[in-house]
1. Considering Arg109, Arg88, which residue is modelled with pLDDT under 90, under 24 Å from the mean Cα position of the chain (by Cα) and among the basic types (Lys, Arg)?
2. Quick test of your reading of the structure: Ala331 fulfils all but one of (1) buried (at least 19 other Cβ atoms within 10 Å of the Cβ); (2) modelled with pLDDT of 85 or more; (3) part of a loop (DSSP other than H, G, I, E, B). Name the failing condition by number.
3. Out of everything in the stretch 13-54 that is modelled with pLDDT of 85 or more and assigned to a loop (DSSP other than H, G, I, E, B), what residue ends up being nearest to the chain's Cα centre (by Cα)?
4. For the stretch 55-69, how many residues are outside any helix (DSSP H, G or I) and within 21 Å of the chain's Cα centre (by Cα)?
5. Tally time: how many residues in the stretch 286-315 are in contact with a Phe, Trp or Tyr (Cβ under 9 Å, 6 or more places away or on another chain), surrounded by fewer than 19 Cβ atoms within 10 Å (Cβ to Cβ), touching a residue at least 24 places away in the same chain (Cβ under 8 Å) and within 16 Å of Leu353 (Cβ to Cβ)?
6. Which of the following residues is over 22 Å from the mean Cα position of the chain (by Cα), at pLDDT below 85 and of a type outside the set (S, T, N, Q): Leu257, Leu319, Leu308?
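The values are calculated or read from the model by the stated rules, or taken from the named source; none is laboratory data. All figures in this text were calculated on a predicted structure; none of them were measured in a lab. Positions of Cβ are backbone-derived with ideal geometry, glycine not excepted, and every protein chain shown enters the neighbour counts.
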Amino acid sequence: MWTGLSGALLQFIEEWGDAAIFVVYLLEEAGLPLPLPGDLVLIWAGFRIAQGQSNLLVVLLLVELAILIGASVLFWLSAKGGRPLIVRYGRFLHIDEAKLLRAEELVGRNAALAIFLGRVVPGFRIVTPMAAGVFRVPYHTFVPALLAGGLVDNLLWIGVGFFFGPSVIAVLQGPWLTVHLLFAIAMLATLGLITWRVHRRVLAGRRAATFTLVQARRLEAAALAGLLATLEMATGLGALLIAVGELGLEGPERALLQAVELVATGYGTVLRSAFVPVASVLFFLAGILWAFAYALWFEPRLPGRDWLKGMAFSLLPTLVSWLVVLPLLGAGPLGLALGAGLLPAAGELLRHLVYGAALGLAYPMLLLARLPWAIRVVRSPLAPGLAD
């Protein structure tokens, strides 16, 4: 299944050339999980250069631009969303104000080197801009180190593809996906633990005050909660798909493979192989837009606990998926055209219930992190006089 999706992205690169390399690398640098990691994209780009289908200088410029845009998105999201969470809730991870300041001071003395190494050392590429944003590394320090490290990393993987060809992708792809999935599950488990403890020990007594924030702050919290809930849903979906394959469940596996085949061919649309990256972007945009609707209209009116509110709300995007999205994608109402009965519909319901529960829990927590009186003032040694 993952091979089919990865093959669709490789076909996208074959059909669209350097523009596709830029798009796929940009999406991964911005934090969107894709079935074909960026390093494997560079290996394929190196093979194309060896075949005379691409130019080394053009590829390097496009990938560096993708790094700059995508990593900057993660940098600012972490500065705006991640730092308030750590300042407000860091004690649940035993990160107090003194530890945060010491970490900032350490990073401040070695910021450029740390960012450079973070780009070069495998496994730290996406984490590096997030950490830089949380620790308030000045942007003018962040960018040169980011691009320099990215250039070294890019030349390494392009060289692998140039000299060894695309056969290396088949060797690396399985372990890469396993490591990424395990890391994502560990992160989500940690986040789930923090969320549970925050709701139990902090939010209960201060919940009413969170909704006194101005609408702009509520929308900001909703966007971050929608992004977070979509990431949790995507990770959970990935784990479920792998479990279905490992357990050998014939019915679900057959339906999933049919769905992957439709995705890989673009559902017969003019996008063809470009459908996978376009659908990835729309997937996350939809998660954020639904979060806006939840925050502005549904959350204040729904009764019950936060996670139940979110799950009740998730029935609305589930209906839209059953009756609108799936038919547009050629799967028919409830996904019945896939020939797997109600399994596709059940999968969509489960997916949206996970999204709804995550959204319901994350939104008030992010609101509380933005209350001026609820956030301790932490002055950063990197930006003296700047309060969170």
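1. Going through Arg109, Arg88 in turn, the sole match is Arg88.
2. Result: Ala331 fails condition (2) only.
3. Checked the stretch 13-54; the qualifying residue nearest to the chain's Cα centre (by Cα) is Ala30.
4. Matching residues across the stretch 55-69 total 0.
5. 1
6. Leu257
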